[in-house]
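Let me begin by presenting the structure, written as structure tokens, before commenting on it.
Any read-out appearing in this document is the output of simple, stated calculations on the displayed coordinates, not a laboratory observation. Just so it is clear, the model here is predicted, and its values are computed rather than measured.
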Amino acid sequence: MAAAALRLFLFKWSLGAPEHHPSPTPSRAIYGFVLYVTTYVLLGTYTLWAVIPDEWLTEVGLTYRPQKHWAITGPIYVCVSFVLFIASYVGLNLYNTPSLDSIYTIKDEFSRRIPTSISQDIPPPYDIPIQITNERYYGCYNQS
């Protein structure tokens, strides 16, 4: 009884699950089109504001507007911020990476040891010790 109910539930769930595909739904298509048009309107407005002299804008009635140097300063500020973000991301990763002679490049708290007895057909995943790896790659190495 319970197995039949479970199969019925899974069947109904599989019918109601939305299919994920790259073609846009009508609502996504409308939002995308509005974003597309808005982007070009804003780009045109920005370009006109940057190119048209201040006297013409004042004659039209636009008196409250940013200074013209922001036509260059704004994009440069955004580009420099992006470059600094990438540089700080790389620097933070280099800072958090252990040095090459650190034991943590080989073993840490998430390392899994080789199981002593394997009772399954497929063994669980584990980390191969560095001694076995070196022996495999470089052959037997006698330290004496």
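Things to note:
- For the range 69-129, dividing the convex hull volume of the Cα atoms by the residue count gives 131 Å³ per residue.
- Reducing the range 17-77 and the range 84-144 to their Cα centroids gives an inter-centroid distance of 50 Å.
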